[in-house]
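What follows is a short report on a single structure.
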């Protein structure tokens with residue numbers, strides 16, 4: 001009613017509302033940046049500035065020191081083994097869930113998420129209970145001189161456990177969304193199972209796959225709790241980068257601790273860029289797929 | 001196609017890392033120790049290596065693992081292949097026999113001084129100028145005083161702290177019930193229980209939490225040294241406890257690895273004058289009288305109770321105070 005009888009006032013109030021909106025928007029954006037700067041950017045800046053406090057020389061001495069290099073190697077090894085294994089598992093699980101109907105499917109989907117909800121410390125303890133000297137397989141392993149916990153295999157296993165969901169979680173919705181019509185067409189046209197997978201499935205899911213792998217790598221590199229339990233903390237042998245950072249800090253070796261932390265941070269930034277890139281490709285793929 | 005390349009690349013990377021590992025001739029020795037000995041063994045290992053090579057042996061790499069004493073004992077029992085353990089108290093090494101069956105029951109009689117090459121005690125570390133005026137154990141139970149000490153379940157130092165407080169209260173009040181009330185009041189003033197002594201030191205020194213840190217004497221001196229001497233001071237209470245951190249060769253592991261000779265030589269070297277001097281340098285009280293005389297200005301004379309004389313040894317004290325349902329559980333559940 002009022003808008004009909006008093007158009008000028010109405011448009012003015014709409015303008016005012018827009019101005020008010022613009023102000024609110026700016027305030028919100030400002031607040032978001034402030035929170036970001038205060039809680040994320042500032043700590044990162046502090047890490048790097050602490051690392052470089054005594055110059056670039058000390059920084060490089062700290063990250064090239066034998067124990068730090070051993071920790072870097074072990075971290076890369078754990079990532080290099082757990083990520084490909086999870087890639088295979090993730091694809092297989094997503095395939096089962098999205099292409100087949102079977103009993104207990106929803107249970108399987110729920111269980112894939114288990115490592116998200118279980119505390120990493122418990123994940124580590126599970127392996128100690130299984131493979132430790134007092135554990136279920138302890139004596140059998142000990143007789144054969146096989147070491148799992150407090151050695152490299154335990155660290156890889158713990159990393160594997162905490163990173164299980166990443167690839168599968170990324171692929172399941174993607175593959176469910178895509179359905180299986182294209183695969184069925186390929187089969188009807190006489191493609192073998194492997195041909196179908198290579199030429200149809202894989203191209204369809206590759207960016208989801210890359211995204212899952214990137215997330216998986218990030219988590220595998222940074223894992224602390226589970227690895228800490230099975231590590232045994234032997235310097236130069238079973239310390240990963242995150243554990244090494246803690247040790248250096250506890251030894252009053254601040255500059256070295258922050259230097260190694262910066263190294264970890266640099267790796268994380270590379271991962272972040274990869275994530276951003278694969279995410280944009282994935283978004284592109286999704287909008288492209290829908291007419 | 002793409003995923004295949006990715007998989008191949010990661011695999012190649014993993015292989016490169018695997019094969020690039022260090023190739024060492026002699027089996028390295030693993031010393032599983034407690035928190036505050038990091039700096040001590042970093043120096044001792046080098047000295048031992050020189051000594052060992054001077055006797056015509058191949059160089060030996062000594063690897064270190066540090067953490068709360070109870071936690072470390074647990075790891076060795078669970079399969080961490082320590083050749084030697086150098087822990088905070090005999091009770092933790094007893095567990096290697098009791099649960100792990102890794103060493104004989106009489107392990108403590110195999111080396112001099114009940115297998116304890118150096119000793120320490122518990123002192124207070126307070127902030128510069130001692131703003132809360134903390135002089136003795138009585139000051140720790142006052143309201144508004146925050147006390148930092150680790151968890152006696154996982155930390156050896158924390159158990160010595162607990163028993164030192166108990167000994168003081170028992171001497172003052174003359175009965176166990178009042179001692180328990182005193183220690184309970186003390187733990188009510190503890191805002192954080194870290195798992196190891198070093199964690200507590202970091203909480204107090206670096207994170208600035210608390211008014212007084214109950215610390216190993218060596219840990220307190222080290223904190224002073226690392227901070228350049230300003231910011232903190234050490235207060236010696238009227239009564240404390242003789243902390244005896246023992247060492248042992250882990251028989252089952254050295255037999256498997258064939259490292260008994262070097263493991264025994266390693267521990268024996270702790271008793272040599274050189275080993276004792278390194279211990280004293282890192283603020284552990286040496287056993288050797290000549291070395292003790294050299295360093296006597298460094299360590300204040302304190303009235304010290306002992307675990308064997310005043311508590312009936314760890315086999316009595318451990319279950320009574322620290323096992324499940326023990327005194328510590330009773331007072332800690334109470335609040």
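Annotations for the structure displayed:
- Counting Cβ atoms of other protein chains within 10 Å of each residue's Cβ and taking the mean over peptide B:36-49 gives 1.
- Protection-proxy order for peptides A:79-85, B:176-182, each taking the mean of Cβ atoms within 10 Å per residue, highest first: A:79-85, B:176-182
- Full extension of the chain segment joining residue B:46 with residue B:255 gains 72.8 nm, where the gain is 0.36 nm per residue of separation less the Cα-Cα distance.
- Segment residue A:54-residue A:280, length gained on full extension (0.36 nm per residue, minus Cα span): 77.4 nm
- From most to least packed by mean Cβ count within 10 Å, the peptides A:51-64, A:233-246 give A:233-246, A:51-64.
- Across peptide A:78-85, the average count of Cβ atoms from other chains found within 10 Å of a residue's Cβ is 5.
- Label-point separation in nm, residue A:199 to residue A:185, each point 7 Å along Cα→Cβ: 1.3
- Computed label-point distance, nm, for sites residue B:105 and residue A:46 using a 7 Å Cα→Cβ extension: 5.4
- The largest-to-smallest principal axis extents of the Cα set in the stretch B:120-239 are 42, 30, 26 Å.
- Cα pair distances exceeding 19 angstrom across the stretch A:36-107, given as percent: 66
- Rounded to 5, the percent of DSSP beta bridges in the protein assembly as shown classed as antiparallel: 55
- Listed residues B:225, B:252, B:132, most fluctuating in chain B (Gaussian network, C-alpha, under 10 Å): B:225
- Chain A - Rg and Dmax from Cα coordinates, angstrom: 25.5, 94
- Nearest-ten-degree value, helix B:38-54 long axis tilted from longest Cα axis of chain B: 50
- Residues of the stretch A:146-172 with an amide N closer than 13 Å to a point placed 7 Å from the Cα of residue A:118 along the Cα-to-Cβ direction: A:157-165.
- Within a Gaussian network of chain A (alpha carbon springs, distance under 10 Å), most fluctuating of A:172, A:122, A:155: A:122
- Treating each Cα of the stretch B:184-255 as one equal point scatterer and applying the Debye formula with no solvent, the log10 of I(q)/I(0) at q = 0.17, 0.19, 0.25 Å⁻¹ comes out as -0.76, -0.89, -1.30.
- Residues considered: A:217, A:181, A:201. Largest GNM mean-square fluctuation over chain A, using C-alpha springs under 10 Å, is found at A:181.
- Other protein chain Cβ atoms within 10 Å, averaged over every residue that makes up A:228-240: 5
- Against the rule of thumb 2.2 N^0.38 Å, how large the Cα Rg of the protein assembly as shown comes out: 1.17
- The relative contact order of chain B comes to 23 percent, based on Cα pairs under 8 Å that sit 6 or more residues apart.
- Point-to-point label distance, residue A:100-residue A:192, nm (Cα→Cβ direction, 7 Å offset): 2.1
- Degrees, to the nearest 10: B:176-187 long Cα axis against longest axis of chain B: 70
- Applying 1/(1 + (r/R0)^6) with R0 = 60 Å to the Cβ-Cβ distance of residue B:297 and residue A:21 gives a FRET efficiency near 0.20.
- Taking the convex hull of Cα positions in the stretch A:152-291, its mean projected area over all directions (nm²): 10.5
- Here is how the number arises for chain A: DSSP H runs of 4 or more residues each give -39500 (n - 2.57), the sum is divided by the residue count, and the result at 222 nm is -25500 deg cm²/dmol.
- Relative to the dominant Cα principal axis of chain B, helix B:2-19 is inclined by about 80°.
Any read-out appearing in this document is the output of simple, stated calculations on the displayed coordinates, not a laboratory observation. Small disclaimer: the values here were computed from a predicted structure and weren't measured. All Cβ positions, glycine included, derive from the backbone under ideal geometry; neighbour counts span all protein chains shown.
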